[in-house]
Every structure is written in structure tokens, then in C-alpha cells.
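Beneath this line is the structure, given in C-alpha cells, with notes to follow.
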Amino acid sequence: MMARSTRPLPRPALSENTEKPSLLIVDDDPLIVDTLSYFLARDFAVRAAANRPEALALVRDGGMSPALALIDLGLPPAPHRPDEGFSLVAELTAISPATQLVILSGQNDESNARHARALGAAEFVVKPADPEYLRRLLLRVMSYRGETGAEPKPERTELIGSSPSTEKLRTQLRQYANSPFPVLIEGESGSGKELAASALHHLSDRRDKPYLALNCAAISPNLVEPTLFGHAKGAFTGAAGARAGYFEEAAEGTLFLDEIGELPLDLQPKLLRVLENGEYQRVGETQTRVSRARVIAATNRDLKNEVRAGRFRGDLYHRLSVFAVYAPPLREMGDDRLTLLDHFRRLYARQADQAPFMLSPEAQALWRAYQFPGNVRELRNIVIRLTTKYGGQTVSAADLEPELDAEGGGAAGLLPSGDKALVELALRQLGETAGFSLDDTLRRWEAAYIEAARQLTGGNISQAAKLLGVNRTTLYNRMDAVAHGRGEAREP
């Protein structure tokens, strides 16, 4: 992957105190919220929400882009389970990538801590927590800003790594950089799609022109159109004056539309019109304007499936994907995960003004085997925590293992390493099949193996059962179940 490169921040939200970093506290316990808000207000501009919808409304509709978020996993309507908290972590990571997430939870389960970190959380703190400890922790998390907080001047924009998947991406970015046509960047959350977009801009002849980025998931759907195209004075409630949109401000530069799959369906024809002939109108105006910006879009959704499901226009998809590139997940990047480890540990050691940590041979083997379900974002957060705990020291496998989400993407995973081909087959089928049903798929596979065994044994049920590793009665029951699923009767 690559180091973080220059990306303009979203238009700043209004804040009670712009000198303090903003902190969003999400907890349904009023006493905890009041206590922490009072104590932390010395260092942070605090806002609070009692549940996931309220938190998302503050970020999307309220224009808040918090520097930090302190989140309880046990949120309504299921306060005794971590589901709502996990969902909020994933959604905030997608709509506000620069926000540093810290979990404050009474659900002291190591698997919950590991999974929250894999989703993008920087730290996990168990309730009850000393407010002073929380204050120091939040300030420390804020101190690692070179790659995660406010946008710094970039150290580099080239890709990091030499795996075949990285080399392929590097080649594609160079090939497509100077084309005026759109580029669609596809890849999982945390795989660095926004960095690939920035590289496309900096590799192009437009590098000295504006580069604007808009996360389509980060703003309320009714604000997407005026944000993109601008608006006239009085066009809607709150439009006190005329304002240019992102297309106008990007001029002849680059406009990056992240999470394009979240673009409202009724707005998609207007984006298609801009892509086809450059024409658009500000909301509330009849005057046609022309954009010469180059559009780059990114998504972690399968847009082909979205088109089949009627949630995304097919003509817009084909227009956006004139050039399509794939930001590979870490599990496909081989030893690039070691190259990235070296890059980030040196970076954060410099920020902490200490020597970088080292991995023991056993820890390095564990690092190589780990699947990193949270991709580069997860790797980066693990390095930050290891830098804090073990700066200048050698990290053992026992030290590293608690940082990894064994259930979500551990070295062993759900299948032995020899079953990689099955995983690849499943990935293709899930990516290409609309309305996928696991039950139907498993029934078809079972029927196919039963039929294959019968053919190999000339219809001898006893031999077929032995070949399949089940007893004769079990095979008859399976055959009955398969035939019943097709509405047929089993042959006697």
C-alpha cells in the first residue's frame, strides 16, 4: 500500500470551541455521559449520543466530524450484547475515517476487544475506568496524527510493497493517471482505496490543480446534491447564501467520490449527466454549468450486485468503471504486510521519539499468518499499540497474540490453509451471484457429492456410503432430504 497523501478535509463543522479536538461520547448511561463530559471538557469539545442512530445523525446530519469517539459496545436496543457497538464502529470507520475510535465497555470479553480492534478501534477500555486514565489515553491516541488524524503533508505518495497484487495496482495507477476518464477503485474497507485515488491525482498532470474528496456515506442524503453541485440563495431552508459545490471547486483538478455505492438513487442520473457531458446545475438555479474535473470513485460494495438488485444504475456503473482498479486486501499481499509493518513502526517510533519495537521470529511468523480482516487500518492500529507498549523492545508471540482477532481473521481461520481453493471459489460465487442462499448452495453441493459417489460405485448404496464416510442409513436419510428439497421421491 502507500503512505497517507494530501487529501483536503471536509468542510469544517461548527463547534463550540474550535481550539479543542472534538470528542463524541456514545453511551446510554446518563451518569457516565455526564461525568465524562464534565471531566473531559477541559481538553475536548464534547458531544454525546445515547445510541447508534443518534451518533450517526450527529456525524451525517449534524455535520460533526469528531477527532475522537468514545463508544460503549452495549447500546440499545440490545445493551447486553455488543452488536450495536460493533455496527457503530464499522459505520463510523466508513463515514469518518479520520476519527480515532476508543471502546469503553462493560462487556469485558477478550474476543470483543479483538474484534473491535479489527473493525478499526484504536483502544479498548473496560468499565469502570478512571476518568484521568481515559483523558491521558485519549490525548495519547490523538498524538499519533501522522497517518490517522488531521491531514499532514505527505512523506510519499508511491505504493509500499512488492507483491504481485501491489505491483499490478501500481502499474494500473500509472497507466490511468493522465486519462480524463473516470476510474472506479474497488476493495474492502481499510484497504487503502482513498490513498490509491490520491496517487492517481499526484501521478497525473493535474497534480498542481485542486484535489477534493467527498465521502458519500458521511453526509445526509438530502445534502448530497447541494454539496456536489452547489446551491442558490434560498434554495432550501438554511441556504442563507449561494455556494459553489465540489464539482465547481474542483475546477480542472480531481474529485474523489468515496463510498459511491451510498449515492442516493434519485441523484445518480445527475451524476451520470456530469460524467457524460460535464453539465450540472446548482440547486435552485436554471443556469447550466460545466465541470472539467476528473472523477475518481471508490466502493467496498459489489456494484454489479447493486445494479442487479436495483440499488445502483447500470448506466452510471458502466460510466464510472471505464477504468477499474482493485485495492487488494492484506491477505492477498504476502510479505507486503512485513514491509508495511516496518514502515509504520518506524513512523510511529519517530512520532513517539523512541526506538521502534522488533518482532521475535515466532511473532513474525504469527504476523505473516494473520489475515488482517481490517486490512491496513487494522495493521496500523496494531503497530500504534505495540509502539506504545513495547517501544524499543522485542515483541514475543505471546505479546502479539492478544492484539489479533483470531475469530475474525486469525492465522488458523475457519478452514485449514490447504482449503484456500475453496475460499477462492466461495469468494467468486458470492461476488457474482445475486440473491445468494447458503442453504440452497449446501444442498446442491451435497446432492452433487451423493450423485458422484453413486456413479463411482455403480449405484451401490453401501459402497457409496463408505466412499462418502457415512453409514448406509445416514446416506439414505441424506438422499431423502435432497429429494424432498427438489419435491421428488427417492428411488427404492
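Roughly how many debye, to the nearest 20, is the charge dipole of the chain about its Cα centre, given +1 on each Lys and Arg Cβ, -1 on each Asp and Glu Cβ, and no other charges?
Here the size comes out at about 1080 debye.
Need the full-extension length gain, Ala242 to Ser37, defined as separation in residues times 0.36 nm minus the C-alpha distance. One decimal, nm.
Value of the extension gain: 70.1 nm.
Is it possible to state the helix-based mean residue ellipticity at 222 nm for the chain, with each DSSP H run of 4+ residues giving -39500 (n - 2.57), the sum divided by total residues, to the nearest 500 deg cm²/dmol? What is it?
-13500 deg cm²/dmol
With a Cα-only, solvent-free Debye model of region 21-68, what are the log10 I(q)/I(0) values at q = 0.13, 0.15 Å⁻¹?
Ignoring solvent entirely, the Cα scatterers give -0.26, -0.35.
Please name whichever of Phe86, Tyr38, Gln364 sits farthest to the positive end of the charge dipole of the chain, dipole taken about the Cα centre and charges placed at Cβ: Lys and Arg +1, Asp and Glu -1.
Farthest towards the positive end: Gln364.
Kirkwood hydrodynamic radius of region 175-251 from all distinct Cα pairs, in Å?
14.5
Could you order peptides 337-344, 173-180, 64-71 by the average number of other Cβ atoms within 10 Å of their residues, highest first?
Those peptides, ordered most packed to least, come out 64-71, 337-344, 173-180.
Step through the table entries Lys20/Lys270; Lys304/Lys466; Lys193/Lys270; Lys233/Lys304; Lys127/Lys193, compare each Cα-Cα distance with 31 Å, and write down the pairs that go over it.
Lys20/Lys270; Lys304/Lys466; Lys233/Lys304; Lys127/Lys193
Would you mind getting me the FRET efficiency between Arg350 and Ser179? Use the beta-carbon distance for r and R0 = 45 Å, nearest 0.05.
0.75
Using the reciprocal of the averaged 1/r over all distinct C-alpha pairs, how large is the Kirkwood radius of the chain in Å?
This gives a value of 25.1 Å.
Note the full-extension length gain between Arg368 and Lys389 as 0.36 nm times their separation in residues minus their Cα-Cα distance, in nm to one decimal.
Length difference between fully extended and current span is 5.5 nm.
Wrap a convex hull around the Cα atoms of region 437-485, take a quarter of its surface area, and give that in square nanometres.
Hull-based average projected area comes out at 3.0 nm².
Once region 277-397 is represented by equal point scatterers at the alpha-carbon sites, with solvent omitted, what log10 I(q)/I(0) does the Debye formula produce at q = 0.12, 0.17 Å⁻¹?
-0.67, -0.89
Find the Rg to Rh ratio for region 22-143, where Rh is the Kirkwood radius over alpha-carbon pairs and Rg uses the same atoms.
0.91
For a quick protection proxy, order the peptides 277-284, 188-195, 77-84, 246-253 by their average other-Cβ count within 10 Å, most packed first.
In descending order of packing, they fall as 188-195, 246-253, 277-284, 77-84.
Hey, any idea what the orientation-averaged projected area of the convex hull of region 249-295's Cα atoms comes to, in nm²?
Orientation-averaged projected area of the Cα hull: 3.6 nm².
If one takes the longest principal axis of the Cα atoms in the chain, at what angle in degrees, from 0 to 90 and to the nearest 10, does the Cα axis of helix 83-95 lie?
In the chain, helix 83-95 runs at an angle near 50 degrees to the longest axis.
Per residue, what volume in Å³ does the convex hull of the Cα atoms of region 164-326 enclose?
Dividing the Cα hull volume of region 164-326 by its residues yields 108 Å³.
For region 335-409, compute the orientation-averaged projected area of the C-alpha convex hull (one quarter of its surface), in nm².
Spelled out: convex hull of the Cα atoms, projected over all directions, averaged, 4.3 nm².
Any read-out appearing in this document is the output of simple, stated calculations on the displayed coordinates, not a laboratory observation. Just so it is clear, the structure is predicted and the values come from calculations on it, not from any experiment. All Cβ positions, even for glycine, are placed from backbone atoms using ideal geometry, and neighbour counts span all protein chains on display.
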